[in-house]
Amino acid sequence: MMGRQSPPQSRLFYTTVSLEKRVRKDHPLRKIAGVVDFDFIYQEVEDRYGINGNVSVAPPVMLKMMLLLILYNVRSERELMLTIPERLDWLWFLGYDLDDEVPNHSVLSKARCRWGVAAFRSFFERIVWQCVEAGLVDGTKLFVDASLIDADASNNSVVDTHDLKRYVHKSYQQLEGRLDDLEGEKETPVNSRHISTTDPDASVTRHSGGKPRLRYKTHRAVDPQCEVITATQITPGSRDEGDLLAEMVEIHERNTRRKLKTAVADSRYGKIDNFLLCHDRGIKAHMPSLGETQRGSGRQQGILPKEAFCYDPTTDTFTCPAGQLLKKRMYHKRRKTYEYKASSEACACCNLRQQCTRAKDGRSLKRHERQVELDTMLHVVKTTEAKRDLKTRQHLSERSFAWSTRYGYKRARWRRLWRVEIQDFLIAAVQNITILINRTTDKLSKSNAQVGQQGTFQKITGGALSSFRYLFMLGEKLPMAFETV
């Protein structure tokens, strides 16, 4: 007989409803709750709260809410709070019941201001260390890369810094403070003069010939074993990623407590300072030299390369293809290089002048004061191992960033650098947590399968297991029935 649904009736009491039963056993949030300890935040932010006044929402609950915001890529915190009462799994994860009141969305923004970046950095570092303890991080090899993030600000908010006082804006003091910070950065002509009134920390950046936009840049270090993110950092979009290799190496070694042996990166990191850094720290630098990638372009197009000149360490001179000597002339203190040059008369009458130089006073070469160490590091880049790592980097780093797009990393949720740092730490933590619970689940399933096999074996053998082990030690072959178990 066909059944018919009765009109819904409101019940006064629900005595049989249990969120614990409503959330399935293999739910991802159950796995996260079983692996991640959110209670550490009590001690982390204890000094940010007083002993009097209104009682706040429990810090672990707010941290879980921010994790849900990123994990499910919820559009806004208002929408998050409206969705929580509709999701039984979210209520269970937060420790709420059906009739508990969900706090206002403003508690999350207030918590970020109160806690600061340090609390979220600590959360990320704890997850990294859990991955290390679970055997998911090798720590000896590191893949470093960077990607741009669109700021939560319009290009219409960009103003001319040479005449800021004509802009009547409440954040004028912030703009001037941002201008003071720019002195330590390598700024483009655009960023040296223009700044956003909406987000002063973002910088105008052009990428791949596209339109210039206000952007940030995320720098990420990934361990190749399970692709765990071991270090991450946020800077304005105009910051050169090659300048942050030393910081990324230090953060990686501090978070993993492992000694790095190999650093893999693209040509943007292939600077002299980075090669010498790796040499001094005993790290193999698998990254193309920036000079190698730029060779043969611009004014160097059609010009004889430096390798065409022979260096004699005994006389400390270069010999050009025409047989002329280039002698040491001067020292560049900032670049830490010596300049070698032939006489102007010799270059003027040389038959190879058109192929050698376009300078009026002749060809000159530069040699770094630590050129021997540089040559050693550049030789490593040409090895088969380095070429294999560089090929792996092309998809490994891009895959890590592509995975982040599902958590909304391409655009900043909030404004100012410190808030974007919080978003970055949460996204990296979510990715690492996903790796952690998936690998842990795989290990548990394999362990349970082995235990199941051992249980079957013991069930068949009964109490005679010790005697069979004794026969096996004597070289006796076990019966066929036990061989197939």
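The values are calculated or read from the model by the stated rules, or taken from the named source; none is laboratory data. This one's a predicted model, so the numbers in the text were calculated from it and none came from an experiment. All Cβ positions, glycine included, derive from the backbone under ideal geometry; neighbour counts span all protein chains shown.
Structure notes:
- Extreme residue, surrounded by the fewest Cβ atoms within 10 Å (Cβ to Cβ), among residues of the stretch 401-434 that are hydrophobic (A, V, I, L, M, F, W, C) and within 22 Å of Lys31 (Cα to Cα): Trp403
- Qualifying residue in the stretch 195-211 (condition: of a type in the set (A, V, I, L, M, F, W, C) and at pLDDT below 60): no
- Subset of the stretch 58-104 that is among the β-branched types (Val, Ile, Thr) and under 25 Å from Val17 (Cα atoms) - its residue that is surrounded by the fewest Cβ atoms within 10 Å (Cβ to Cβ): Thr83
- Every residue from the stretch 301-339 that is in contact with a Leu (Cβ under 7 Å, 6 or more places away or on another chain) and not in a loop (DSSP other than H, G, I, E, B): Lys306, Thr317, Phe318, Thr319, Leu326
- Filter result (surrounded by fewer than 21 Cβ atoms within 10 Å (Cβ to Cβ) and over 17 Å from the mean Cα position of the chain (by Cα)) within the stretch 259-282: Lys259, Lys261, Ser267, Lys271, Ile272, Asp273, Leu276, Leu277, His279, Asp280, Arg281, Gly282
- Counted residues, the stretch 212-258 - those being polar (S, T, N, Q), part of a strand (DSSP E or B) and surrounded by 21 or more Cβ atoms within 10 Å (Cβ to Cβ): 4
- Against the conditions (1) over 16 Å from Glu369 (Cβ atoms); (2) in a loop (DSSP other than H, G, I, E, B), Glu345 satisfies every one except (2).
- Residue match in the stretch 69-87 (condition: in a helix (DSSP H, G or I), closer than 17 Å to Ala429 by Cβ and basic (Lys, Arg)): no
- Thr314 fulfils the conditions (1) in the same structural domain as Ser404 (by TED's automatic domain parsing); (2) under 24 Å from His379 (Cβ atoms) except for a single criterion, (1).
- Residue in the stretch 100-108 that is under 15 Å from Ala428 (Cβ atoms) and either modelled with pLDDT under 95 or in a helix (DSSP H, G or I) (or both) present: no
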